Amino acid sequence: MANEFFTILGIFIPLGVMMLSMLADKKTSNRKLSHERILVENVIRRLKIFRILSERYRNRRIRFVLRFNLIAAIHNLEFKTAH
């Protein structure tokens, strides 16, 4: 009988109820995290289309930063007009 209950501040809570509430909290946080992760993965996919991340960059490092910022600006512009 002691294994079936969990005590918090002297209150006995059935273990099943505690686990369900923890699962619901975890589920909402996982959904928020997965939504953000999908957005980031889509941006990385767009950068790979321009081949700035998918292959080795063989030009000067200063040009890499300039081109990367330009591609990011193009993506942001298209994202704002689409949404």
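The values are calculated or read from the model by the stated rules, or taken from the named source; none is laboratory data. Note that this is a predicted model, so its numbers are computed, not measured. Neighbour counts run over all protein chains shown; Cβ positions are idealised from the backbone, glycine included.
Being β-branched (Val, Ile, Thr) and outside any helix (DSSP H, G or I): is that true of residue 52 here? The answer is yes for residue 52. Counting just the residues of the stretch 5-43 that are hydrophobic (A, V, I, L, M, F, W, C) and under 26 Å from residue 75 (Cα atoms), which one comes out modelled with the highest pLDDT? Looking at the filtered set, the residue picked out is 38. The set of residues in the stretch 55-68 being part of a helix (DSSP H, G or I) and exposed (fewer than 10 other Cβ atoms within 10 Å of the Cβ) consists of 61, 62.
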